Amino acid sequence: MEASIDAICVWNVAVQRFHIHGYKDGVSREIGDLAEFVEEVAREICTKLDDIGLYSDVEEFFRRMRLKEYFHDKESTETTMDYNNRKKNTNFSPAPGRNAKLDSYIESFLLRTVSLTTKQNQKKMFHNLSVQEQMAINDLKNNHAITIKPADKGGAVVIMNTQDYIKEGDRQLSDDKYYRKLNEDPTKEYTSQLRELIKSFPENLHLELQSLIPTSPCMGTFYMLPKIHKAGNPNYRNGNSHRTDLRTGRKYPKTSSHQH
């Protein structure tokens, strides 16, 4: 049996269920059923997963669901015109963020698919960390008293006291030179303004731009990439610096040909 048959089976059955129930009622309801079906197909039908073929078919399945959501609320005349315009571009796929439930469904389905392929390939995977090192990483991951973030540059990792991290965030957000406090969420107002702005563009661009507007917009998430300097060091990059091996504490000099 061809290895890609599993992906075809998953895709066909998922599309069939999706068309039967509709995305509004079936998205959240079918997540568990489809996930179980994915595992069942891999376990009982497929002897070996073709990861590339599987992910390719799953992405096509996601694209078709987004197309179904994109066209479902269009008027018949608008749908026909839009369809004819899109027909020339067979690779058209509506952008994520239009429908929160559909995005959640796709994310859950993809996570289960990744879990499936990981299980199938477990025999090929070997940990490069000892059991003690894995336990230490899990302890750090679950320690909410510290916040671990990548540094703003250089590929370094910064470990901060969570209270200090929150305090720094409050300090930055309190700077009225860059931020101002809002009395209400302006998302709806901005969305309305954006729709009006799109109308000012040439008509042939309206459909393309409208497809980029999310149907369930939400505010962004504020986070910081810390820039921390060792005590006594100037707050700018100089010609000489040191990198420390976390395992041995040994310092390695790094020399630059340019002085700043």
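Key figures
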read-out	value
Trypsin sites (Lys or Arg not before Pro) restricted to segment 154-205 and DSSP loop, no more than 11 other C-beta within 10 Å	K177, R180, K181
Sparse-neighbourhood loop sites, chymotrypsin sites (Phe, Trp or Tyr not before Pro) in segment 139-203 - DSSP loop, at most 10 other Cβ within 10 angstrom	Y178
Simple spin-label estimate for D176 and T118 in nanometres, 7 Å along Cα-Cβ	4.8
Cβ-derived FRET efficiency at R0 41 Å, F71 paired with Y223, nearest 0.05	0.70
Lysine pairs within segment 131-230, Cα separation less than 22 Å, 8 or more sequence positions apart or different chains	16
Gain upon complete extension [L197, T215; 0.36 nm per residue less C-alpha separation]	4.8 nm
Cut-off under 5 Å, modelled amide H: who pairs with V158 long-range	K149, A151
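Each value in this text was obtained by applying a stated rule to the coordinates, not by laboratory testing. In this text, all values refer to a predicted model and were calculated from it rather than measured experimentally. Please note: Cβ atoms are built from the backbone with ideal geometry, for glycine as well, and neighbour counts cover all protein chains shown.
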